[in-house]
Amino acid sequence: MDNKCIAFGVPVTNGSIVGTIKRINEQTNPDAITKGDIILLSNSNPIYSLFIMRSGGVVIEAGARLAHICLIAIELGIPCITQAFDNKLIDGQTVLLCADEGKVYELC
């Protein structure tokens, strides 16, 4: 693969998706998320459950593999990685999330 890896973490689920990064916080409206979005969460707070059900993929900066949000991703079969602490993801950026590898690639 020629694309540059811009984030890596611990794989939670299998699968890959190309989508747009959407950084989420407690003030974000869940209606702003579409199925093709890859949500970027700072932690695995259960408040983000509504967002994960609308998303196509999930990257979590801090959180255990068996955290509530990760378990929802497993149940829904949504590509997800966690513990992606040192990432270079930008809100609005189109990326390839390879959950099997635990990596996110920048698309040229």
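Quick note: the coordinates plus some simple rules give every number you see, no bench work behind them. Just so you know, these numbers come straight off a predicted model, no measurement behind them. Here the Cβ is made from the backbone with ideal geometry for all residues, glycine too, and neighbour counts use every protein chain on show.
General remarks:
- One residue stands out in region 19-49 among those that are of a type in the set (Gly, Ala, Ser) and more than 16 Å from ILE69 (Cβ to Cβ): the one that is surrounded by the fewest Cβ atoms within 10 Å (Cβ to Cβ), namely ALA32.
Listed here are the residues, each with its yes/no results for (1) in contact with a helix residue (DSSP H, G or I) (Cβ under 7 Å, 6 or more places away or on another chain); (2) among the hydrophobic types (A, V, I, L, M, F, W, C).
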{"residue": "PHE8", "(1), (2)": "no, yes"}
{"residue": "THR20", "(1), (2)": "no, no"}
{"residue": "ILE39", "(1), (2)": "yes, yes"}
{"residue": "ALA67", "(1), (2)": "no, yes"}
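- Selection count where residues are among the β-branched types (Val, Ile, Thr), under 16 Å from ILE69 (Cβ atoms) and part of a strand (DSSP E or B), scope region 1-18: 1
- Among the numbered conditions (1) farther than 12 Å from THR13 by Cβ; (2) of a type in the set (D, E, K, R); (3) in contact (Cβ under 8 Å) with a residue 24 or more places away in the chain, the only one that ASP37 does not meet is (3).
- Yes/no for LEU89 being more than 19 Å from PRO30 (Cα to Cα), in a loop (DSSP other than H, G, I, E, B) and in contact with a strand residue (DSSP E or B) (Cβ under 6 Å, 6 or more places away or on another chain): yes
- Among the residues making up region 19-71, those that are assigned to a helix (DSSP H, G or I) and under 16 Å from LEU97 (Cβ atoms) are PHE51, ILE52, ARG54, ILE69, CYS70.
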